[in-house]
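First the structure, in the form of structure tokens, and then the observations on it.
The values are calculated or read from the model by the stated rules, or taken from the named source; none is laboratory data. Bear in mind that the values here come from a model prediction, so they are computed numbers and not experimental data. We place every Cβ from the backbone using ideal geometry, glycine too, and count neighbours over all the protein chains shown.
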């Protein structure tokens, strides 16, 4: 289990990069946010990493950071590179990679909607899913969906006879 | 020859108009909408409008135990739920370092391929219905229903199986199941020529579906098209071959490619996949009885099961394209973050918006169904 | 607000519950006959509001074939009798469901399909889905389970036919009778500016189901927004004059 030589060379051209082999066909890369667009560009140009599989966002409350993970796949090398970057949570801002990978348009729009991260230069950051939502971005850890549900919706009161019998004996479904 | 008094008709500016297509419309797949701007009956702009099926899966999965989420994941994609279970379970196995017994892997592949046939038969039916061939819909849905009966026999449920769990599968196959599956495959093979006559070689389908919604190879690669839609552009890219999982390396099958990249080519690619799935299932029927052993690796008490800190990205080739889960664990009993990459999130939004430009209004349904877009996994 | 409205003041006798016993025998016999016929030709609106829609094709097509008992899909709400709420409703879908429901001609019937329409089901802690369907539109019958089988769908449609025949499926009358309560629940979810293009109050009057609960605090808010309501807005209404309504 080792990183393909070509990939290893290219990855180590980036300053301050940490490379880790996760499994046979997946390489985890940790790098600083400024170098990410350059990395994607080089990977795409030299090694055929032309398929952006997904951009995932993770909200780390303790360190007050967003983690953005760019999963790119090369049809040539048959290896996936997951590039992890951490951006500060407060302005919550990053550069769009739409001009390198077109699928980024959808994922950035989704992350903007769910986490409130702003992507500079993204073609379309309009709401897609939550058009009738007025609250905070729901995927943030600070948003408690259970509390919101208790506050907004009512429940059917469910107390059939068989349950009353059980409750009289001290049992119940709660 | 134009007559002497011919004068070209000048359309008033109001000739351009906007139409809200869906969500309550039989020509749209599922609960989805497209805002289209038209000039005459030609579309000049299309904006996808989703979110009707949003359930906040990624959020509520963070609130449930690892094992409880097994019940939640198949609901992300309704017509093809098994790849979702498989991908989630595989991602959890990667984080937890669980080994899947060989017999369980074979059973999983069998379910995945059965689910693929179901989803494709359903798409044949839906696609034919958009151009008025209702007989095909009746046949496709009925044929799929026999597969659902087999699913019910194995898993106990027709649609949402919740059968694949981290570490294996829930139960072993019932007695004589493989024989019944073989009989059904015979039946499907016997009916395939009828489907050909009715659908794939029908003049109506060929005239309506060819030449619309064309994706070129470069466009397909740069727009992030995956699955049968990509293979319909004559690109032999298949995760089962390129990024193999389970026991796919041991199975013989062809990666079906079709030239053209139009709506008809996409349907032909699916037809080829059904035949390849039958081939895979036949190999499984032949080999599964000789593979013994456990069907599940032992799990700790699932209600108090903490996975180690870590992250995993698992991908599966579903009937719609590339299904992927990115899961982060912080060492607790619940996932810290689950990101679902539904294959249709590309097809139903960006690709559809681009393909519809220049298409005619009656082809919207055909293009959308030929992409096999599945709205619930876009909205999650 | 309501004391300004001439409609309510002029016809106070309409604003009370209609007692079924008051109607003439002839009307009751005719209604009974109409219900009997109605139950034998039902059209289900083709609207896949959720994942339950996947079990409808098997129900309708040749395997289970609902058409043999007289149920068939229909593409437009205006010609449909039954609105099948196939599973969970996100808030965005609920708006469209209410619009579709109000477009349907009375009598109309609603069936909640699956556990998620009863109490949220699987998605009980989701911020995006509605928990109780019957708060927003009146549901005649529910099917429990996730997901209900085609046999269950058949069963519920047959039960609905029975109920219609016996004159028991009258959720649509409840919507007219208690429109203010339903509208209040809808406004609690969508905001006070929520309104639909349908004049439900006029419909209630037309069908003879105007009751105490039809108008109230919540329907008063409609007057500010809904276009059709401008009819009833006095001349000196501050925001928009009466003449503005009559646009070509």
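So, residue A:128, is that one under 23 Å from residue B:220 (Cβ atoms), modelled with pLDDT of 90 or more and within 11 Å of chain B (Cβ to nearest Cβ) or not? Talk me through it step by step, then tell me what you get.
Details: under 23 Å from residue B:220 (Cβ atoms): yes; modelled with pLDDT of 90 or more: no; within 11 Å of chain B (Cβ to nearest Cβ): yes.
So residue A:128 does not fit the description; no.
In this structure, is residue A:71 assigned to a strand (DSSP E or B), at pLDDT 85 or above, within 11 Å of chain B (Cβ to nearest Cβ) and crowded, with 21+ Cβ neighbours inside 10 Å? Break it down stepwise before answering.
On the way: assigned to a strand (DSSP E or B): yes; at pLDDT 85 or above: yes; within 11 Å of chain B (Cβ to nearest Cβ): yes; crowded, with 21+ Cβ neighbours inside 10 Å: yes.
Here the answer is yes, as residue A:71 does meet what is asked.
Residue by residue through region A:38-64, note down the ones that are more than 13 Å from every other protein chain (Cβ to nearest Cβ) and under 24 Å from residue A:93 (Cβ atoms).
Step one: filter region A:38-64 for residues more than 13 Å from every other protein chain (Cβ to nearest Cβ), giving A:38-43, A:45-47, A:64.
Scanning region A:38-64 gives A:38, A:39, A:40, A:41, A:42, A:43, A:64.
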(request) Report whether or not residue C:210 is at pLDDT 80 or above, farther than 30 Å from residue C:70 by Cα and in a loop (DSSP other than H, G, I, E, B). (result) yes
(message) Which count do you get for residues in region B:224-247 that are more than 18 Å from the chain's Cα centre (by Cα) and in a helix (DSSP H, G or I)?
(response) 1
(request) From B:348, B:312, B:365, B:373, grab the single residue that is closer than 18 Å to residue B:245 by Cα and either part of a loop (DSSP other than H, G, I, E, B) or within 14 Å of another protein chain (Cβ to nearest Cβ) (or both). (result) B:312
(request) Test residue B:319 against the stated conditions and say whether it is part of a loop (DSSP other than H, G, I, E, B) and crowded, with 23+ Cβ neighbours inside 10 Å. (result) yes
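Scanning region A:103-120 for residues that are touching a residue at least 40 places away in the same chain (Cβ under 8 Å) and part of a loop (DSSP other than H, G, I, E, B), which turns out nearest to the chain's Cα centre (by Cα)? Please lay out each step first, then the result.
Taking region A:103-120 as the starting set, the residues that turn out to be touching a residue at least 40 places away in the same chain (Cβ under 8 Å) are A:103-104, A:107-108, A:111, A:114-115, A:117.
Subset that is part of a loop (DSSP other than H, G, I, E, B): A:103, A:117.
Working: A:103: 14, A:117: 11 Å.
The residue in question is A:117.
So is residue C:222 under 24 Å from residue C:134 (Cα atoms), out of contact with any strand residue (DSSP E or B) (no Cβ under 7 Å at 6 or more places or on another chain), surrounded by 16 or more Cβ atoms within 10 Å (Cβ to Cβ) and at pLDDT 80 or above or not?
Details: under 24 Å from residue C:134 (Cα atoms): yes; out of contact with any strand residue (DSSP E or B) (no Cβ under 7 Å at 6 or more places or on another chain): yes; surrounded by 16 or more Cβ atoms within 10 Å (Cβ to Cβ): yes; at pLDDT 80 or above: no.
In short, no.
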(message) Only one of B:224, B:261 is away from every other protein chain (no Cβ under 14 Å) and in contact with a helix residue (DSSP H, G or I) (Cβ under 8 Å, 6 or more places away or on another chain). Can you tell me which?
(response) B:261
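Just to verify a result, which residue in region A:146-158, among those that are in a loop (DSSP other than H, G, I, E, B) and at the interface with chain C (Cβ under 7 Å from one of its Cβ atoms), is modelled with the lowest pLDDT? Before you say what the answer is, go through the steps one by one.
Looking only at region A:146-158, we keep the residues that are in a loop (DSSP other than H, G, I, E, B), and these are A:153-158.
Next, only the ones that are at the interface with chain C (Cβ under 7 Å from one of its Cβ atoms) stay: A:153-156.
Numbers: A:153: 84, A:154: 80, A:155: 79, A:156: 75.
Among them, the one singled out is A:156.
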(request) State whether the residues of region B:48-55 include one that is buried (at least 20 other Cβ atoms within 10 Å of the Cβ) and within 21 Å of residue B:110 (Cβ to Cβ). (result) no
(message) Please go through region B:23-55 and give me each residue that is within 14 Å of chain A (Cβ to nearest Cβ) and out of contact with any helix residue (DSSP H, G or I) (no Cβ under 8 Å at 6 or more places or on another chain), ordered by number.
(response) B:33, B:35, B:45, B:49
(request) Mind listing whichever residues of region C:149-185 are under 19 Å from residue C:99 (Cβ atoms) and more than 14 Å from the chain's Cα centre (by Cα)? (result) C:184
(message) Restricting to region A:133-145, and then to whatever is touching a strand residue (DSSP E or B) at 6+ places or on another chain (Cβ under 9 Å) and at the interface with chain B (Cβ under 9 Å from one of its Cβ atoms), can you tell me which residue is nearest to residue B:345 (Cα to Cα)?
(response) A:139
(message) Exactly one condition in (1) modelled with pLDDT under 85; (2) over 20 Å from residue B:63 (Cβ atoms); (3) surrounded by 24 or more Cβ atoms within 10 Å (Cβ to Cβ) is false for residue B:380; which is it?
(response) (2)
(request) Select from region B:284-309 the residues that are in contact (Cβ under 8 Å) with a residue 60 or more places away in the chain, part of a helix (DSSP H, G or I) and farther than 13 Å from residue B:167 by Cβ and list them in ascending order. (result) B:284, B:285, B:287, B:288, B:289, B:303
(request) Looking only at region A:134-144, count how many residues are closer than 18 Å to residue A:92 by Cβ, surrounded by fewer than 20 Cβ atoms within 10 Å (Cβ to Cβ) and without any contact (Cβ under 8 Å) to a residue 40 or more places away in the chain. (result) 4
(message) Quick check on region C:99-114. Is at least one of its residues within 11 Å of chain A (Cβ to nearest Cβ) and part of a helix (DSSP H, G or I)?
(response) no
(request) Looking for whichever is closer than 30 Å to residue A:23 by Cα and in contact with a strand residue (DSSP E or B) (Cβ under 6 Å, 6 or more places away or on another chain) here; the options are B:315, B:334. Which one fits? (result) B:315
(request) Please enumerate the residues belonging to region C:73-113 that are over 11 Å from the mean Cα position of the chain (by Cα) and farther than 23 Å from residue C:39 by Cα. (result) C:87, C:88, C:89, C:90, C:91, C:92, C:93, C:94, C:95, C:96
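Being touching a residue at least 12 places away in the same chain (Cβ under 8 Å), in contact with a strand residue (DSSP E or B) (Cβ under 7 Å, 6 or more places away or on another chain) and buried (at least 16 other Cβ atoms within 10 Å of the Cβ) is true for just one of B:240, B:270, B:266. Which residue is that? So that I can check it myself, show each step before the final result.
On the way: B:270 fails: in contact with a strand residue (DSSP E or B) (Cβ under 7 Å, 6 or more places away or on another chain); B:266 fails: in contact with a strand residue (DSSP E or B) (Cβ under 7 Å, 6 or more places away or on another chain).
Only one candidate passes the filter, namely B:240.
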(message) Checking residue B:146 against (1) at pLDDT 90 or above; (2) touching a strand residue (DSSP E or B) at 6+ places or on another chain (Cβ under 8 Å): exactly one of these is not met. Which one?
(response) (2)
(request) Among residues belonging to region C:86-99 that are touching a residue at least 40 places away in the same chain (Cβ under 8 Å) and surrounded by 22 or more Cβ atoms within 10 Å (Cβ to Cβ), point out the one that is farthest from residue C:31 (Cα to Cα). (result) C:90
(request) Go through region B:56-144 and tell me which helices (runs of 4 or more DSSP H), entirely inside it, have 1 or more residues that are more than 14 Å from chain C (Cβ to nearest Cβ). (result) B:82-96, B:102-130
